[in-house]
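The values are calculated or read from the model by the stated rules, or taken from the named source; none is laboratory data. A quick note: this is a predicted structure, and the numbers were derived from the prediction, not measured. We place every Cβ from the backbone using ideal geometry, glycine too, and count neighbours over all the protein chains shown. Calculation scope for accessible area: heavy atoms of the full protein, side chains included, ligands and nucleic acids excluded. Shrake-Rupley method; radii C 1.70, N 1.55, O 1.52, S 1.80 Å.
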Amino acid sequence: GRGDVNIVVTVDGKTTNTVTVNVAAVTPPPTLTSVNPTSARAGETVNLVFNGTSLSGAQIAFNPSAGLTLSNVMNSSPTLLTAVLSIDGTATTGARTVSVTTPYGTSNNLTFTVNAAQIPVLQWLRPDGADPGTSITLRISGTNLTKATGLEFTPPDGITVSNVNA
């Protein structure tokens, strides 16, 4: 508990005078109960939500931390912590531990997994040919093309690509 506590000592049947001592609340170390999401792909940026206890003022730590960048770390309550995690496209894949630290200690570890980046796959290209000296609009279908920034031809001789829109 916390607040004023009366203390008396009895020795050989004789009791001392009463001394009042104020007992302050002890802040426990933080604990983590969940992180959401628990994984993301290399090259992605995700919003992380941590639930737990005693999270006020917590600092987030990943181990290993290489290829990970945290920003916008915010506490909205002692039980909720949010952050934005950017994962470099070349980050090593696999499980990492994540914990939080406050002036009162370090939490338990949870697991966060960095998965391989999504590889774009081409399914078809229309038109599938053009005469030399012409400009055409290509339509491409496939998977994982959302963040496409370019189109590459092999061999590239005499072909210029512009205005790539995913």
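Would you check which residues across segment 20-49 are in a loop (DSSP other than H, G, I, E, B) and not charged (D, E, K, R) and list them?
Of the residues in segment 20-49, the ones in a loop (DSSP other than H, G, I, E, B) are 24-30, 37-38, 42-44.
Once the filter is applied, which keeps residues that are in a loop (DSSP other than H, G, I, E, B) and not charged (D, E, K, R), segment 20-49 yields Ala24, Ala25, Val26, Thr27, Pro28, Pro29, Pro30, Pro37, Thr38, Ala42, Gly43.
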Can you list the strands (runs of 3 or more DSSP E) found entirely within segment 50-146 that contain at least 2 residues being more than 15 Å from Asn36 (Cα to Cα) and open to solvent by 70 Å² or more (accessible area, probe 1.4 Å)?
-> 59-63, 68-77, 121-126
Subset of segment 8-34 (residues that are modelled with pLDDT of 80 or more, among the aliphatic types (A, V, I, L, M) and open to solvent by 80 Å² or more (accessible area, probe 1.4 Å)) = Val11
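For Pro37, indicate whether it is without any contact (Cβ under 8 Å) to a residue 12 or more places away in the chain and either open to solvent by less than 30 Å² (accessible area, probe 1.4 Å) or of a type outside the set (S, T, N, Q) (or both). So that I can check it myself, show each step before the final result.
Numbers: without any contact (Cβ under 8 Å) to a residue 12 or more places away in the chain: yes; either open to solvent by less than 30 Å² (accessible area, probe 1.4 Å) or of a type outside the set (S, T, N, Q) (or both): yes.
So Pro37 passes the test.
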Can you pull out the residues in segment 101-135 that are at pLDDT below 95 and among the aliphatic types (A, V, I, L, M)?
-> Ala116, Ala117, Ile119, Val121, Leu122, Leu125, Ala130
